[in-house]
Amino acid sequence: MRKTLKVFSNIVTVVLFINLILIVCLVISSKASGGEPQIFGYQVKTVLSGSMEPTFMTGSVIAVKPLNQEESKSLAKDDIITFQTADGMLITHRVMDVVKSGDQVMYETKGDNNNAPDLDLVLSDNVRGQYANFTVPYIGYFFNFSQSKAGSAILMVVPGLLLLGYAGYTIYTTLREIDSKVKKADNEKPA
């Protein structure tokens, strides 16, 4: 029984420690990149609307490969792109048509769940990335929370407190065990 508890204790300690490290990395990555975490060179974006359902559900996280200027001019119909609007918003929609005018390349885009194409054509200069065929449903709500000030604080402090509390509990149980062994040894001494 003690061996099982010790193994369980070690597993809990490792899980809490890994969780703390991952959350710290997530928060630092999102702050360093200006709000969007990056993993292995891909930007992680949260889907905030239902315009691309059923391709991505609201609250999902998608991976977007950042594109350079040349790559953003060579996209094709049906590619899913992330672009920046005139007011600075990032939108991820599907390319419906490619329009070339001299050196300029523009894209007509549309959300899969929208009835009509977007009103404005997207200049290739405004394309920030291309969908990398990787989606994780519902974790976007967690990412949004982690990027807020309260979320960052909670996600860094709570696992640390849990780890400290668990370490305190482990120390307490070890001291109790040592104390019980000392008392047992004292009781077994000949008088």
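Please state which of the following conditions ASN187 fails to meet, knowing it meets all the rest: (1) surrounded by fewer than 17 Cβ atoms within 10 Å (Cβ to Cβ); (2) at pLDDT 85 or above.
ASN187 satisfies all of (1) surrounded by fewer than 17 Cβ atoms within 10 Å (Cβ to Cβ); (2) at pLDDT 85 or above except (2).
Wholly within the stretch 54-160, which strands (runs of 3 or more DSSP E) include no fewer than the required count, namely at least 1 residues that are surrounded by fewer than 17 Cβ atoms within 10 Å (Cβ to Cβ) and among the acidic types (Asp, Glu)?
Output list reads 90-101.
With respect to LEU155, determine if the residue is over 19 Å from SER49 (Cβ atoms) and in contact with a Ser or Thr (Cβ under 8 Å, 6 or more places away or on another chain).
Yes: the conditions hold for LEU155.
Kindly list, by first and then second residue, each pair from a residue in the stretch 112-140 that is without any contact (Cβ under 8 Å) to a residue 40 or more places away in the chain to a residue that is charged (D, E, K, R) and surrounded by 14 or more Cβ atoms within 10 Å (Cβ to Cβ), limited to pairs with Cβ atoms under 8 Å and residues at least 6 apart or on different chains.
Listed pairs, sorted by first residue: ALA116/LYS110; PRO117/GLU108; PRO117/LYS110; ASP118/GLU108; ASP118/LYS110; LEU121/GLU108.
So how many residues does the stretch 85-99 have that are within 25 Å of the chain's Cα centre (by Cα) and within 18 Å of ALA132 (Cβ to Cβ)?
Selection size over the stretch 85-99: 5.
Can you tell me which residue in the stretch 136-153 is nearest to VAL64 (Cα to Cα), limited to those that are aliphatic (A, V, I, L, M) and modelled with pLDDT of 80 or more?
So the residue we want is VAL136.
Residue-wise test of (1) out of contact with any strand residue (DSSP E or B) (no Cβ under 6 Å at 6 or more places or on another chain); (2) at positive phi.
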residue: VAL127; (1), (2): no, no
residue: ASN133; (1), (2): yes, yes
residue: VAL136; (1), (2): no, no
residue: SER146; (1), (2): yes, no
residue: ILE154; (1), (2): yes, no
residue: VAL158; (1), (2): yes, no
residue: LEU162; (1), (2): yes, no
residue: TYR166; (1), (2): yes, no
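Does any residue in the stretch 147-171 that is within 26 Å of VAL61 (Cα to Cα) come within less than 6 Å, Cβ to Cβ, of a residue that is among the hydroxyl-bearing types (Ser, Thr, Tyr) six or more places away or on a different chain, and which pairs are these?
Pairs found: GLN147/SER30; LEU155/SER146.
If the Cβ limit is 9 Å and pairs must be 6+ apart or interchain, which residue in the stretch 34-53 that is over 21 Å from ASN68 (Cβ atoms) and at pLDDT 85 or above pairs with which residue that is aliphatic (A, V, I, L, M) and part of a loop (DSSP other than H, G, I, E, B)?
VAL47/MET57; GLY50/MET57; GLU53/VAL47
The values are calculated or read from the model by the stated rules, or taken from the named source; none is laboratory data. Keep in mind it's a predicted model, so treat the numbers as computed, not measured. Heads up, the Cβs are rebuilt from the backbone with ideal geometry, glycines too, and the neighbour counts pull from every protein chain shown.
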